[in-house]
Structures are given as structure tokens and as C-alpha cells.
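A.B. asks: Take this structure, written in C-alpha cells, and hold onto it; I'll ask about it next.
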Amino acid sequence: MSTSFHLLADAPAQLLPARELMAFTLASHIILVPLGVAFPFITLVMHYRGLRRKDATALLLARRWSAVMAVQFALGIVTGTVLSFEFGLLWPGLMGRWGDVFGIGFGVEAWAFFLEAVLIAIYLYGWRRLKPRTHFLLGLPLPAAALLGAFGILAANSWMNTPQGFSLDSAGNPVDVNVWKAIFTPMFGPQYWHFVVGMILTAGFVVAGVYAVGWLRGRRDHYHRLGFAVPFTIAAVATPVQFVLGDSIARSVFHKQPVKFAAMEIVWETDTRVPEYIFGRLHEDGSVSGGIKIPLLDSFLAGFSPNTKVVGLTSVPADQRPTATQATIAHWAFDIMVLIGSALVLLALWYGLVWLRHRRLPASKWFYGPAACAGVASVVAVESGWIATEVGRQPWIVYQNMRVAEAVTSTHSTTLWIMLGVVMSVYVFLFGSFLVILLKMRTRWRLADEERAAGGPPHTPEADTPYGPRAPVPAGDGSAGGGARAEDGRP
């Protein structure tokens, strides 16, 4: 009977549904995270360009993006709150024993969340109501608030990967907590900067992808060129930086979490001159089937020498390492992330070379096709990165201190499966509503653009210059809500 079967048989019945529920809600929430963390920065870059160059189109884009930002943040409130409750409901063992040590990260994230909510409200309301410079300056703290929220979450997660900042009493409970050491763990720096740059490039590619689709459909006016160029340039600059940071964090995992590294690279026995497998499947006996085998490469990548010793999975007992199936999942997720990142680097280089040689955007449809797909590919890379991080740490929820099975709730497994079904149904409705709202906003904006291009009278504040005089309200519209005050959205 296989080791994986024995470990599965010994696990509590609640473990599988609890993990599936957490995985689903986290995977859903992380789709929104790049926009929540990096979209404010991209919007403010566009806003600055509009003010600096007196470009009404740039200001219009920034204004519209701020509306999308607000809608996305509202959805993120729901999905983020669900995750917060799940930590306590699904993993009471984790929060009960270790909450005093690493809970400060969640506290920081909560404060950042409320601060970001207030700043988004001020920024959104400030269009047409504040002086241009004042409005822009009030928006500048937004990216900092978003980064502070990421700081809190990554501090908590990096602590779970490399826990420190505490001592254990005779009962095994943490005492003498050092908050600074608990926050700034060995994995915090590599994880944080890898995450932040990943969010910037993902948000940039997602936003640019919308306008790349417009380019492919023949919309090549200043509005679409600018809507593509600014976010794509930001993403293109971040992509090679992220590639370097990715190599750095992989090396940190090699030194700080050697068993996780062995899982991500499906290394069974500790050895030198270890080959690299691109994909492939690890079996219970340590053999690898399928994939592409590159001799010596894994040792070379880990320590810049083919003689570098790489720790294997068998260096620890079977109940202290990922199973062969879990290692294969982590390995595939890691490889998918790396391959997507490599493709994005090539796309960024293509963009950069065209710009340096011709000082213009690429003109080939062969460029805009991949550019339109880059946003989705980036989200897949983000999801894959988290899968590699979390699955590769198994069976530990707190690395080498608490197993996932020890932290899980005692709630009946049937109840957890029902909860998963309910949450999935609610999330389908929420994300469907989010998509419908975005499509309606796009349609309304497109109609406003067509009216303006045709020389027709603007009927909504959206059609006006962001900091210019308001258009008069058409006769008969005053009954809808109080004349000009209703037209600009005031009570």
C-alpha cells in the first residue's frame, strides 16, 4: 500500500473539504489581488501624464479606471472578508496556538484595508470636485496603502514558511514573542518583493490586454493607444525585474526550505549533479516519468555549479514531506509559472526593441495577439506561484512546527462540503455580477465616446473634461433628480 494512501487514511475527515474550501476562496480572491495592489499605481501614472501633458484623454482614462478600481475593491471586500473568517473557522488550531505570534500581519492588513477604502472613496469623489493638483496629491497615498496591505499578508505567510520570533514552553505553546522577528522572517523579503512586482506586471498586462483586443478589432485611436501603452510599459519594465526576483526567491527556498525545493524540483535522493525536469511526474518509488530531462541543470541553477548538493525528499521521514502527488503538483505549478514568466520576458523585450528602434508602438498583429493574452497568462502564473508555495510546504501549516491536520476544525466534514457548494455558488454570482457591471460600464463609455466623436451634446458627467466646466443639463432632465446637482451626482 502506498505512502500517500497511508497518510490520507490517517488524516481527519474534515481535512480535505477544509483544504478545498480554503483553496477555492484563495484562488478566487487572488484574481482580484493584482488590481487591488497595483491598479491604483497604474491609474495614478496615467493621471500624472494627463496633468503633466494636459492630455484630456489620459485624464479620461484615469477617471474611468478609478471607477473600475472602486468596483473591484468592493468585490475584494467580500472575498477578503470570507478568507479572514475562514482562518478562524477552518483552522482554529493554527489561530488558537500561533495567532499571538503571526497575527500582527493580519492586523496590519486590516488597517491598510480601511485606509485604502477611505482613499479610494476620496479619489473617486474628487473628480470635478477638487482642484487638479489637490485631487492628484490626495490619490498618491493609495499605492502605499495597497502595498501596506500586501506587507501584512506576506508577513503572515512568510512566517508560516519560516517561523521565528518565539520560544516554546514545556507544553509546546509559543512564549516570549518578538514581533519584529516574527514579521521580518528569512523569507519575508524575497516573498514580498517577488509578490509586489508580480502584482504590478500582472495588473499592467491585464489592463493593457483590454486595449490590445481593441487594437486587434481596429480601434487604433489615441484613446486605445494610450490605454495600451502606459500599463504595458509598466508591465514590460517590471517583467525582467520579476524574472531576477523569481530566481532569487527560488534560491532562498533552496537554502531555507530545502524539502520544499526538493518537491518543486521533484528531487528524490540527496545528491550532486542533479538533473532538471521540465514537467514530469514523480512516483512513490522515486522514479520520474515523462517530462524533459536536462542533465546537471538543477544543481547548477541551485548553486551555480553542477557539484552543488541538492537535498532530496527522502532526507526527512515520509510524514514530514509532501507526497509524490503533492510534489508533482508543486513541480508543475512551478514550471508553469517559470514558462509563462519566460514568455512574458520575450514579449517585453519585443516591445522594448521596437520602442528603442522606432519610438513607436509595435504595429504587428503577431505582437498584439500575445499581448491580449498576457493578462490571463499572468493571472495563471500568480495562481501557479501560490500553488507551488502552499502545496510544496505540506504537510506543515507552520513549517516544522504544526501540521495542517493538527490545525483543522472539528466541524463535521459533510457541513464543510455543503459550505464549499454554497460558497462556490455565491462566488459564481459575485464574479458574474462583476463582469456584467464592467461590460455595462464599457458599453456606456463607448456610447459616450461615439456621441462626442459625432459632435453631439454630452449627457453625462463622463463626457465632460474631468476638470473643466460641466455641460448644461438638457431641458426636461431636471425632474430626474434636481437639475444640475443630479447631473453631476451630488445629492
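A.B. asks: Would you check which residues across the stretch 127-138 are surrounded by fewer than 18 Cβ atoms within 10 Å (Cβ to Cβ) and within 15 Å of M69 (Cβ to Cβ) and list them?
C.D. replies: Of everything in the stretch 127-138, just one residue is surrounded by fewer than 18 Cβ atoms within 10 Å (Cβ to Cβ) and within 15 Å of M69 (Cβ to Cβ), namely L138.
A.B. asks: Is there a residue being polar (S, T, N, Q) and under 23 Å from L339 (Cα atoms) anywhere in the stretch 294-305?
C.D. replies: Within the stretch 294-305 (the criterion being polar (S, T, N, Q) and under 23 Å from L339 (Cα atoms)), the answer is yes, since at least one residue qualifies.
A.B. asks: Hey, among the residues in the stretch 104-116 that are surrounded by fewer than 16 Cβ atoms within 10 Å (Cβ to Cβ) and touching a residue at least 24 places away in the same chain (Cβ under 8 Å), which one's farthest from R444 (Cα to Cα)?
C.D. replies: This residue is G107.
A.B. asks: How do the pairs read when you match residues in the stretch 48-66 that are open to solvent by less than 30 Å² (accessible area, probe 1.4 Å) with residues anywhere that are among the charged types (D, E, K, R), using Cβ under 6 Å and keeping only pairs 6 or more apart or on different chains?
C.D. replies: Sorted first by the residue in the stretch 48-66, then by its partner, the pairs are A58/R49.
A.B. asks: Among the helices (runs of 4 or more DSSP H) confined wholly to the stretch 277-396, which include 2 or more residues that are closer than 30 Å to V408 by Cβ and of a type in the set (S, T, N, Q)?
C.D. replies: Once the helices (runs of 4 or more DSSP H) in the stretch 277-396 are filtered for at least 2 residues that are closer than 30 Å to V408 by Cβ and of a type in the set (S, T, N, Q), what remains is 324-358, 365-391.
A.B. asks: I'd like the full set of residues that are touching a helix residue (DSSP H, G or I) at 6+ places or on another chain (Cβ under 6 Å) and over 15 Å from V338 (Cβ atoms), limited to the stretch 227-247.
C.D. replies: G227, F228, V230, P231, F232, I234, A235, A236, A238, V241
A.B. asks: Can you tell me how many residues within the stretch 208-225 are assigned to a helix (DSSP H, G or I), open to solvent by 10 Å² or more (accessible area, probe 1.4 Å) and either over 13 Å from Y368 (Cα atoms) or not charged (D, E, K, R) (or both)?
C.D. replies: Total satisfying the criteria: 8.
A.B. asks: Got a sec? Which of R485, R446 is at pLDDT below 50, exposed (fewer than 13 other Cβ atoms within 10 Å of the Cβ) and assigned to a helix (DSSP H, G or I)?
C.D. replies: Just one listed residue meets the conditions, R485.
A.B. asks: If you don't mind, there's one more thing I want to ask. Does R359 count as among the charged types (D, E, K, R), more than 30 Å from S315 (Cα to Cα) and open to solvent by 20 Å² or more (accessible area, probe 1.4 Å)?
C.D. replies: Answer is yes for this residue.
A.B. asks: If you don't mind, another one. Going through the stretch 253-270 one residue at a time, which ones are touching a residue at least 40 places away in the same chain (Cβ under 8 Å) and either exposed (fewer than 15 other Cβ atoms within 10 Å of the Cβ) or of a type in the set (G, A, S) (or both)?
C.D. replies: Hits for the stretch 253-270 are A262, A263, E269.
A.B. asks: Scan the stretch 271-300 residue by residue and report those that are touching a Pro at 6+ places or on another chain (Cβ under 7 Å) and open to solvent by less than 40 Å² (accessible area, probe 1.4 Å).
C.D. replies: Result: P275, D298, S299.
A.B. asks: Let me ask something else about it. Output the number of the condition that A236 fails; it satisfies all remaining conditions of (1) farther than 27 Å from F106 by Cα; (2) among the small types (G, A, S); (3) modelled with pLDDT under 90.
C.D. replies: Against the list (1) farther than 27 Å from F106 by Cα; (2) among the small types (G, A, S); (3) modelled with pLDDT under 90, A236 comes up short only on (3).
A.B. asks: I've got another one for you. Hey, V382 hits all of (1) without any contact (Cβ under 8 Å) to a residue 60 or more places away in the chain; (2) among the aliphatic types (A, V, I, L, M); (3) buried (at least 20 other Cβ atoms within 10 Å of the Cβ) but one; which does it fall short on?
C.D. replies: (1) is the only condition that V382 fails.
A.B. asks: Of G152, G126, G107, G103, which residue is among the small types (G, A, S) and under 24 Å from R52 (Cα atoms)?
C.D. replies: Just one listed residue meets the conditions, G126.
A.B. asks: Let me ask something additional. Taking A145 as the residue in question, decide whether it is open to solvent by less than 10 Å² (accessible area, probe 1.4 Å), closer than 27 Å to F114 by Cα, touching a Leu at 6+ places or on another chain (Cβ under 6 Å) and not acidic (D, E).
C.D. replies: yes
A.B. asks: Continuing with the same structure: Under 20 Å from M337 (Cβ atoms), at pLDDT below 90 and open to solvent by 10 Å² or more (accessible area, probe 1.4 Å): does that describe A250?
C.D. replies: Considered against the rule, which asks whether it is under 20 Å from M337 (Cβ atoms), at pLDDT below 90 and open to solvent by 10 Å² or more (accessible area, probe 1.4 Å), A250 comes out as yes.
The values are calculated or read from the model by the stated rules, or taken from the named source; none is laboratory data. These numbers come from a predicted model, not from an experiment. Here the Cβ is made from the backbone with ideal geometry for all residues, glycine too, and neighbour counts use every protein chain on show. Areas reflect the complete protein model, heavy atoms only, side chains present, ligands, DNA and RNA absent. Shrake-Rupley method; radii C 1.70, N 1.55, O 1.52, S 1.80 Å.
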